[in-house]
1. For segment A:190-227, give me each residue that is in a loop (DSSP other than H, G, I, E, B) and either hydrophobic (A, V, I, L, M, F, W, C) or within 9 Å of another protein chain (Cβ to nearest Cβ) (or both).
2. Across segment B:58-91, what is the number of residues that are surrounded by 13 or more Cβ atoms within 10 Å (Cβ to Cβ) and closer than 27 Å to A:SER130 by Cβ?
3. Does segment B:251-269 hold any residues that are modelled with pLDDT under 90 and more than 10 Å from chain C (Cβ to nearest Cβ), and which are they?
4. Just need a number here: residues in segment B:272-306 that are in a helix (DSSP H, G or I), more than 24 Å from B:ARG186 (Cα to Cα) and out of contact with any Lys or Arg (no Cβ under 9 Å at 6 or more places or on another chain).
5. Is it true that C:TRP281 is surrounded by fewer than 21 Cβ atoms within 10 Å (Cβ to Cβ) and either more than 10 Å from chain B (Cβ to nearest Cβ) or out of contact with any Asp or Glu (no Cβ under 7 Å at 6 or more places or on another chain) (or both)?
6. Suppose the filter is surrounded by fewer than 22 Cβ atoms within 10 Å (Cβ to Cβ) and either over 22 Å from the mean Cα position of the chain (by Cα) or away from chain C (no Cβ under 14 Å) (or both); does A:GLU253 pass it?
7. Among the listed residues C:GLY157, C:GLY145, identify the single one that is more than 8 Å from every other protein chain (Cβ to nearest Cβ) and over 23 Å from the mean Cα position of the chain (by Cα).
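The values are calculated or read from the model by the stated rules, or taken from the named source; none is laboratory data. Nothing here was measured: the structure is a model prediction, and the numbers come from that model. Cβ atoms come from the backbone with ideal geometry, glycine included; neighbour counts cover every protein chain shown.
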Amino acid sequence: MTKGLLTTVLCAFVAASCSTKADCRGDFCGTIVIAIGGEPETLFPPASQTTAADAVADLIFLKLADIGPGMNSVGDEGFLPRLAESWEWEDSVTLVFNLNQLARWHDGAPVRAEDVEFTFAVYTDTLVASPKASVLERISSVTPRNNGQVEFKFRLPYPEQFYDATHYMRILPRHVLDTIPRVSLTSHPITRAPVGSGPYRLVRWRASEAIELVADSNFFLGRPGLARVIFRVTRDTESALAQVLAGEADVLEQLVTGVNVDRISTAPHLRTIEYPSSSYLYLQFNMRNPEDPEAPHPLFRNRMIRRALAMAVDQQELIDAVLGGLGDRTIGPVSKMLSIWNDQIPSLSYDTTRALELLNGLGWTDTDGDGYLDRSGRRLEFELVIPASSRSRRQAAVVIQDQLRRVGVNMVVAELELNTLISRVTSGRFDVFFGSRTQDPSPSTIREAWSSSGIGGANFGGYSSSEFDRLINSAIESQQADSAMTLWHRAVAHINADAPAVWLYSPNTVAAVHRRIEGVTIRPDQWTATLWTWRIPESRMIARDRRGAP
Amino acid sequence: MTRAIVRRLYQSVLVMFVVATATFFLIHLAPGDPFTPSIESANFSQEIVAQQRRNFGLDQPAHIQYVRYLQQIATGNFGISFSQHRPVLDVFYDVIPNTIVLAIAAILIDFVTGMTVGVFQSTRKGSRVDSLLSAISLVLYSTPVFWFGLMLVLLFGVTLRWLPTAGAIDPVVYHSLSLPGQLWDRIRHLILPAATLGLIGAGGTARFQRSALLEVLAEDFVRTARAKGLRERTVVTVHALRNSLLSIITLFGLSLPALLSGAVLVETVFSWPGMGRLITDAVSSRDYPVITGAAIVSALLVVAGNLTADILYRFADPRTRTAQ
Amino acid sequence: MKYFHWTPAGWALLLVIARWQKIAEFLAGPLENKMLALVVLILIPVGIIIALKVTAIRKVESRRLQLAITTLMVLVGAAAFAPILAPYDPTHIIDLANAQTLAPSFAHPLGTDEFSRDLLSRMIYGARISLSIALLAITLSITLGTTLGMVAGLTGGVTDSAIMRSIDAALAIPRIVLLVVVLALWDRRDMMTIVLVLGLTGWFETARLARAEVLSLRDRNFVVAARASGVSNVKILWRHLLPNIAAPLVVTATLGVGQLILVEAGLSYLGLGVSVPTASWGSIIRDGRELLFQAPWIVTIPGFAIATTVMVFSTIGESVREALNPR
């Protein structure tokens, strides 16, 4: 009797778990599940600091115009209309956008010029403390002319005006957010229930589990190809990979190592898509004495030592050992995504004989026969600080340590907790820092990281060269694309010769995508930017595609 | 009796005050800064970091922050999470139900298995089965809970593929399921974490139950009951078990902190969206309001559990019922 | 006198002789290695001697206990002489490109990890870290707990309630949560930090126990008599009370070592143990967690080691308790 009842109940459960609600038919029904390693901290774009947050927010919010697939950031060439249908320059510092009259917020209200004005005010408000405020400094005002027209005024004319005006701000709905005090705007519940004007709207956000978006079928730029997009939060790359391999997730945007790529290629239902990386890794020399910031570093003030060390590192061996060949050696502080990427720029190549000659010439020889170079009783050694949380950098540090040992240099590796590392690096208390930098599409961010204007900011090593500053400034200010490119290449060649860092590699980004998804394109700086044009043809749909939006 | 309970309540409030104060100062002694600029992205700005500190009131002297913090706590407000940009209370609202579900399921498995095995063993003291079960409970008692979880993942999640190994629900299908379907989905996800936590606890409970019951069985009144010619089963269940129940209630109160400690680890293993996982995430992002809040809430759970055990004890034990 | 089986000890001796070269290296090697060996080698026998003395056990007849003590000796030997026994340096990267996550083989009996480090060597060194942390921390917390508990019990009044309320508060926070909150303070965690934190957060229950024992003894004749004849409090504590409560403390300490090993492993699993690249059993499990599917042995082996060690201490502790309190 009891047994029978139990069976009945169990059967009811099983039957229920298989039943589906209203089946979805047609080409726009697809559901994709994306495995993401980190959970977005917010869906309020001005506050977002992680790539995960931007990846989700860029499906919900729109910019005025979007950078084109060519990644051009100079002038307005290649930019695609989004909320703005068109734009015109009235003079060199006045830019007027005409908003698309069809654009609607998810609650049905039209997108107006005052929303753009409001957005600029929020991004630049000190109470909001947006990390993006500093890049908007050269815009002096944003004012609506009428409901459909908004005017941007710049403090001065420069080549990347259009990029600055459009790339950082996701337009926010004034009518929803206006009544909330600015100081509590970033922590208001509305930031987790965002109202945007993009192709997808948020259905639910289950903390540390999943974020579910559903297509806005009336999206004014065309119906999104996929009905549902689910971001599934996973604890690490390994479990994300397991989900993709098991078919529980459809997309993993970054496979990291060659081993993982091999595992994906053996799965018949998956394919890999390679796209240029937006980051590069480097060993940054500190030019200042870690104990006394006013004094120069006892070793690295010497350009020849830096050059010798740069020549002692075999980037290719590093790429093979750590990434399984999945990367390119970088020439200068340039990731592969940037338009100025060029592997013909003069740089220091791997040459241990030459490196050793240079060091010997400076008086560093192995007098006591312990395998390490020394000079007046001191061994040639220094400390490399790396974040303990980065597996690939931990592995790479070991390989580099071994490579330097071959020329008689003792590099001690200190694995630090992220917060300790940040405080030591930003206050200049380090010898060499194993850094990784993610770049924006514009090469102008190289200036804050490596020119003397970035000292005290993102130029942690304190490298300063007036020639490099001059070259990079004229490259950024240059209105002509050709001459800008030449200037960029000269600037990179100059910094390569000075070797303020050992440039290592730019890891290739390879995504795993389920084969049933068509029209997959990935924009290197923001991989979800074109996701709304992906689609799943009806003939290839699987069970979860037909389940449709609840 | 009521007076005794009031006294315990008053003590509990005092304990919570000490906990709140201690966690506040512990956290604020920390050398690290919760707001650190990203050193890897393009936009690096010290001013923004300073502004964020001002917005959260971290530029104030410690004693002012402390007073404000106590005021907030007294009104049930734990401040705003640094890393999630929303009130800590909202964060807790999402995770606490999950932890409670896990804890209750684990306690059920723990005490039902543990007590059954313990009673069974004490009736067959010295037999082969007794020593076998003793050995098993010793192994469970000595096994690291997170490792046991990983082994279950390996066996049921990876090799056999019977059960899901991460999360509390399947976010892809959950919301399109019918109510019984949703319940079944939840149960499937709960099995492995609850079994991990419950079985590890059951090892200790069984050992405790066995010795507690053996102790009672040796007492005079049991001998009297036996001498009266009562059936052994009646002696064990009615007389001895009821008496050993007292010590089990005490054990329940005592095992709550250990259970929550275990939950921190188990939640990490199974990506269970509860308090424990929240705490470990908050530590890595130095989310002070969440860390202090979580310590206070878990202390509150423990104190409440102890209070419950205390009251239960008073009801179960006739001596305290009359004496107080 | 038969406390343990001699055979494994004989094997261990042979192994030591076979690796005499390593022994010479060890003796000439860094001081830290020798210190750690001393810690383990001294604390365990001293502990056992104290345990035998206060419990007045003269003969170990239980087979279970003999087995436990033998296993303990093997563990202690491995931990103390790690540099001699381990085939590799535990942090040595053998070949990152070709020797990552090798399955157990003749060359690497327990395989290698993702950094191509030899797991057997890491396990042996890990034993040393895990055991010395637990032993030092238990010494600290038992000393602290006994002192404070006895002081509270003997003095009573405000001191007593202050100490007891603090203990209530500390015990209300689950141990792991408390440790996580405290360890959030340290950025670089060496062994001593972990010992301090574990020791300073582990004395609460001992203090309660010591206090309860003192309370039950306080009004006994011998204490009252001593007090009446003007003996100082310190002397009463040391001369009259401590010997009487030593036995339950020994049981607590022995069981406590096992629990501490579990707690330390849990912390390491959460990434709050001794900083990398030092290996402890818990951190080996943590490192292997992401490779659970491809290299399950990395996670499996240290778990067995932890469980065995904890079992050893539980068995010894409970046997002592049974011997004291036979029923």
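1. So in segment A:190-227, the residues in a loop (DSSP other than H, G, I, E, B) come out as A:193-199, A:207-209, A:216-227.
Within segment A:190-227, A:ALA193, A:VAL195, A:ALA207, A:SER208, A:GLU209, A:PHE219, A:PHE220, A:LEU221, A:LEU226, A:ALA227 qualify.
2. So the answer is 21.
3. Within segment B:251-269, B:LEU251, B:PHE252, B:GLY253, B:SER255 qualify.
4. Pass one, segment B:272-306, residues in a helix (DSSP H, G or I): B:275-284, B:288-306.
Then keep just the ones that are more than 24 Å from B:ARG186 (Cα to Cα); that gives B:282-284, B:288-297, B:299-300, B:302-306.
So of that shortlist, the ones also out of contact with any Lys or Arg (no Cβ under 9 Å at 6 or more places or on another chain) come out as B:282-284, B:288-297, B:299-300, B:302-305.
Number of matching residues: 19.
5. Working: surrounded by fewer than 21 Cβ atoms within 10 Å (Cβ to Cβ): no; either more than 10 Å from chain B (Cβ to nearest Cβ) or out of contact with any Asp or Glu (no Cβ under 7 Å at 6 or more places or on another chain) (or both): yes.
No, not satisfied.
6. Numbers: surrounded by fewer than 22 Cβ atoms within 10 Å (Cβ to Cβ): no; either over 22 Å from the mean Cα position of the chain (by Cα) or away from chain C (no Cβ under 14 Å) (or both): yes.
So A:GLU253 fails the test.
7. Details: C:GLY145 fails: over 23 Å from the mean Cα position of the chain (by Cα).
Being more than 8 Å from every other protein chain (Cβ to nearest Cβ) and over 23 Å from the mean Cα position of the chain (by Cα) holds for just one of C:GLY157, C:GLY145, which is C:GLY157.
Here's the yes/no breakdown for (1) surrounded by fewer than 21 Cβ atoms within 10 Å (Cβ to Cβ); (2) in a loop (DSSP other than H, G, I, E, B):
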residue: C:VAL234; (1), (2): yes, no
residue: C:HIS240; (1), (2): yes, no
residue: C:PRO248; (1), (2): yes, no
residue: C:VAL263; (1), (2): no, no
residue: C:LEU292; (1), (2): no, yes
